[in-house]
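Have a look at the structure below before the remarks.
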């Protein structure tokens with residue numbers, strides 16, 4: 001038997017993805033493991049991750065990536081880089097507490113950024129450099145030398 005609410009939840013998730021893609025943002029809530037929460041569980045999410053806007057520029061000698069990640073400190077940013085993949089993440093936690101006569105107001109919030117990018121050409125991770133200024137992360141990744149191509153004969 002098909003549950004009508006399951007169909008409605010799938011429709012809601014599909015519409016949320018369409019709106020997110022249209023407006024160029026990702027407002028969906030994720031668990032730290034990266035799993036998307038079903039709509040009925042959204043209030044249980046501990047962290048909201050967003051995809052930063054990223055520009056990727058390729059020159060003759062390097063690949064330059066810039067990512068808009070406002071509101072962070074340098075130590076909040078984590079970068080994992082391999083020859084063919086760049087992964088950028090950051091997480092910030094804020095806590096607000098107000099105590100007044102008769103009540104205590106406390107709010108905790110964790111937000112973050114996550115983006116994984118497949119690079120168009122191999123880079124040298126050991127020589128890459130990253131800078132963060134005014135909410136913009138810039139990563140310069142020198143390309144590795146292209147090895148000589150070898151032709152194969154089909155047998």
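Rule-based calculations on the coordinates, nothing more; no lab input. The model shown is predicted, which means the values in this text are computed figures rather than measured ones. Heads up, the Cβs are rebuilt from the backbone with ideal geometry, glycines too, and the neighbour counts pull from every protein chain shown.
What is the Cα coordinate range of the stretch 89-155 on the first, second and third principal axes, sorted by size from largest, in whole angstrom?
Dimensions of the stretch 89-155 along the principal axes of its Cα atoms: 83, 32, 16 Å.
Sort the stretch 51-145 into rounded, prolate or oblate with this rule: let a ≥ b ≥ c be the square roots of the eigenvalues of the Cα gyration tensor; rounded if a/c is under 1.5, and if a/c is not under 1.5, prolate when a/b is larger than b/c, oblate otherwise.
prolate
Set the Förster radius R0 to 35 Å, insert the Cβ-Cβ distance between residue 108 and residue 14 as r into 1/(1 + (r/R0)^6), and round the FRET efficiency to 0.05.
Efficiency, rounded to the nearest 0.05: 0.70.
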